[in-house]
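The block underneath contains the structure these notes are about, expressed in C-alpha cells.
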Amino acid sequence: MIKNLQIWLVAFTVAFLYFYGLDHFIMSMQGLPLNMLP
Amino acid sequence: MKENHYSSPLMWLTLLLIMVLGFLWSGTISTTDISGEWFSGAVASVENVSTDTAVTDEDAELKLVPAPRPTRADYPDIGVSSRSIVWVVAQMHLFFGALVLAVPLFVLVIELLGMYTGDSRYDDMAHEFMKISITAYSITALFGGTLALSLFLLYPDLMAYLMRVFGAQMMVYAILFFLESMVLYIYYYGWDALRYGNAKWVHLSLGVLLNGVGATLMVTANSWATFMMAPSGVNEVGAVIGNIWEVMKGPLWNPINLHRFIANIAFGGAVVGAYAAYKCLAARTAEARAHYDWMGYTSNFIAILAFLPLPFAGYWLMAEIYAYSQQMGITAMGGILAWLFIIQAVLIGTILLAGNYYLWSGMSRTEGSKRYQGFIKYIAVVLVICFLIWVTPHTLILTSGEIAALGGSNHPLLGALGIMPAKNIAVNLMLIFTFMSFQIYRRSDKVATVSWAKAGNALMVAIYAVAIVNIIFVGVYYGYFTNTVYKVGSSVIQVVSTLTVIICGVVLDAFLYRKAKTLPSHWGQVSNRAQYALFALPIAFTWLMALMGYVRSSVRTHWHVYTVMKDTSPDNFIPTIGYAGNMMTIVTVMFVLFVLFIFWIANLSGTKQIPPYAINKVPATERVGGAA
C-alpha cells in the first residue's frame, strides 16, 4: 500500500516537474517570461 | 535460371547508367549559378542588370515588365463558368496527385519493415498498395493535362504572367515528370525481379529516389499556389526583381509544403484503407478476410498517425498567413469564409470519431482487450464534448429579433467557446484521447512482464494527467486572462504537451512491453461495421480537402496574384457558401467514383476466367472468376 503510494507520488512529481519546466522553457524561448498579467 | 536472367550484366549496366545520369543531373543543379543562364527566363534582377556596364538604368527599367492588367473582354467565354471548370479539374488533379505522391512514401516504409522483420506479408502488402497507385498515376496525369489546357484557354493573361515569373522552372517540373514515371515503373514492375538479397537494396533505393522526385514535384507545384497567395521576388506592380529562389520561397511556401506533405500521407492511408475494407467485405475465405483486415488496420494506422500532427502544421500555416497579411487571415477565419472553418471542424470530428471507432471495434480481435474496454465510453465522452466545443461558432447568424433577445450576436455563455483558446484546448485533447485509443489498442494483446511494469504504468498515467491539466490551464489562463501575445505564445505549450504524450507513450510502451506475454489475436474477427468506418474516412478526408482547398484559394478574393494582378473576369467574386458547398460535394463524389473505378481495375487484373473445357469440373459457387 505504502509502496504503491510512493510509486504514484514519484510518477506525478516527475511529470509535474517536467511540464512546469517545459512551460517556463517554451515561454522564455519566445521572450515571454512566465508571469502570473489583458 | 530465372534469377540469373534478372541479375544479368545488362541490368547492372542499366542501373549504373541511371546512377551516372543521376550524379550528372545533381551536378548540373549545384554547379550552375542559380541566378545565371540556366534560369535566365525567371531573372530580370536589377542587381544583375546594373552590374553589366553596357546596360544603362533606362534599359533595366525596360526589362522590368509589370503584371498584365486584363479587362473583362480578355477572358475567353465558352458559355460555362471558367472558374467552375478550373475549380473541378484542379481539385481532381490535386486529389490524385496527393494520392500518388503519398502511397510510395508509406509503401517504402512498409517494404523496409518487411526487409527487417523478414516477414514477406509486409512485402506483399506494399506491392498491393502500389498496384492501386499505378492506375491512379495515369489519371493524375490526365487531369494535370486537362488543367493545363483549361488554364491556358480560360486564363491566358494570368498563365502568360506566371510563365514569365517562373520561367525555366516550368521545364524542370516537366523533366521531373519523366524521372518520376521512369522510376515509378521500374519500382513497380521490378518488384519481383529485385526481391531478395542485394537486389532488394537496389529496389529500396529506387523507392527512395521515387519519393525524392515526388516530393520535389510537389514543392515545385506548391510554389505556384503560394506565389499567387503571397507573391515574393516581384515588385509592387508584379515585375520580377528576384531570382527563381526568391520567387519560390515566399512566406507561405514551407508551411504549405509541410502541411500538404503530412496531409497527403493521411489521405493516401485513408484511400488505400477503403480498398482494404472493400476487399475485406468481399472476401470469400477466412484467410483473405484476415489478410485484408490486417491491410485495413495498417492503412488506418498510417492515416491516423499522420493526422495527429496535422493540426499543428495547419496552425503554423494560418499563423504565417496572419503574419503575412492580417486582412487575408481575418477574411479566412473571421470574415466571409469563417463559417467554412466550422464545417471543417465537423469533418475533422467525423474523421477522428471514425478512426477511434475503427480502433475500438478492432479490439474484438483479441480477448485481452477486455481489460481496456471500460475506457472506451470515457474516451467517447471526451471526444464528443471537445467536438461540440470545436464547432461552437463565435458569432451566430441571427434574425434581428433574435439579436434583440440575445443582446448581441454573441451568446452570453457559449460565445466564450467561439474563440481560438477554446478550440486549441479541444483539438489538443481530441488528439491526446485519440492517441489513448491507439495505446490501449496496441496494449490489448499483450501482458507486460518487466519488473518495473507498475512504475512505468504510473508514469504514463501521470504524464497523461499532468499534460491534460497543463493544456487546459494554459488555454484558459493565457487565452482569457492575459494579452494576445501570451495567448498565441501559450499555444506552443499545448502543442508540445500533446507531442510529449505521444512520444512518451510510444517510447515507454516499447520498453514496457519488451519480452511481453502475447495473447492470441485473430485477424478478420472484426465487425463489418468497422469496415464501413474505413469507407467514411476517405470520404471525409476528400470533402475536407475540397473545403479547405477552396478556402486557401478564395482568400485571394478579387486577385489572381494577391496585391499584384487583379482578377477582372466575370467570376471575380466570392460565391455563396451554399454554391461553394455544392461544388465541393460534386468534386468529392467525382473522386469517389474514380476511386471505385481504380479499385475495380486493380481487382480485375487479378481475376482469371475459367476455361470452357474446365467449367463443369468447378463447383457452381466458384464459377464467377476466381479473384486473386
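The values are calculated or read from the model by the stated rules, or taken from the named source; none is laboratory data. It should be emphasised that the depicted structure is a prediction, and the values quoted were computed from it without experimental measurement. Keep in mind that these areas ignore ligands, DNA and RNA; they rest on the heavy atoms of the full protein, side chains included. Shrake-Rupley method; radii C 1.70, N 1.55, O 1.52, S 1.80 Å.
Could you state how much accessible area is buried at the A-B interface, both sides summed, with a 1.4 Å probe, in Å² to the nearest 100? Please report the intermediate quantities before stating the final value.
Details: alone 4060 and 30510 Å², together 32460 Å².
By this definition, chains A and B bury close to 2100 Å².
Equivalent ellipsoid semi-axes for the protein assembly as shown, as square roots of 5 times the alpha carbon gyration tensor eigenvalues: give them largest first, rounded to whole Å.
Result for the protein assembly as shown: semi-axes of 41, 38, 27 Å.
Expressed as a whole percentage, what fraction of the accessible surface of segment B:224-296 belongs to carbon and sulfur atoms when a 1.4 Å probe is rolled over the protein heavy atoms?
In segment B:224-296, the share of accessible area belonging to carbon and sulfur is 63 percent.
Considering amide H positions built from the backbone, and no H for Pro or chain starts, which residues 5 or more places from B:W559, or on another chain, come under 5 Å of its amide H?
Under 5 Å from the amide H of B:W559: B:D567.
What's the center-to-center distance, using Cα atoms, between segment B:392-436 and segment B:440-481 in Å?
28
When the Cα centres of segment B:139-206 and segment B:594-611 are compared, how far apart do they sit, in Å?
Comparing the Cα centres of segment B:139-206 and segment B:594-611, I get a distance of 26 Å.
Along segment B:411-420, what does the Karplus equation 6.51 cos²θ - 1.76 cosθ + 1.60 (θ = phi - 60°) give for ³J(HN,Hα), rounded to whole Hz, x for Gly and Pro?
6, x, 9, 7, x, 5, 7, x, 9, 4
Could you tell me the center-to-center distance, by alpha carbons, between segment B:224-266 and segment B:284-344 in angstrom?
First find each Cα centre; the distance between them is then 21 Å.
Just to be sure I understand the interface: list residues from segment A:5-31 that lose 20 Å² or more of accessible area between the chain on its own and the complete protein assembly, 1.4 Å probe.
Going by heavy-atom accessible area, the residues of segment A:5-31 that drop by at least 20 Å² are A:I7, A:W8, A:A11, A:F12, A:A15, A:Y18, A:F19, A:L22, A:D23, A:I26, A:M27, A:Q30.
On average, how much accessible surface per residue is there in chain B, in Å², for a 1.4 Å probe, leaving out ligands, DNA and RNA?
That works out to 47 Å² for each residue.
Just the ratio, please: alpha-carbon radius of gyration of chain B over 2.2 N^0.38 Å, N its number of residues.
After normalising by residue count via 2.2 N^0.38 Å, the value is 1.07.
Using the Karplus curve 6.51 cos²θ - 1.76 cosθ + 1.60 with θ = phi - 60°, work out ³J(HN,Hα) for each residue of segment B:149-160 in order, rounded to whole Hz, and write x for Gly and Pro.
So the Karplus estimates, Gly and Pro as x, are 4, 4, 5, 5, 6, 9, 10, x, 5, 4, 5, 4 Hz.
With θ set to phi - 60°, apply the Karplus curve 6.51 cos²θ - 1.76 cosθ + 1.60 along segment B:479-487 and write out the HN-Hα couplings as whole Hz, x wherever there is a Gly or Pro.
Taking θ as phi minus 60°, the curve returns x, 10, 10, 10, 8, 5, 4, 5, 4 Hz for segment B:479-487.
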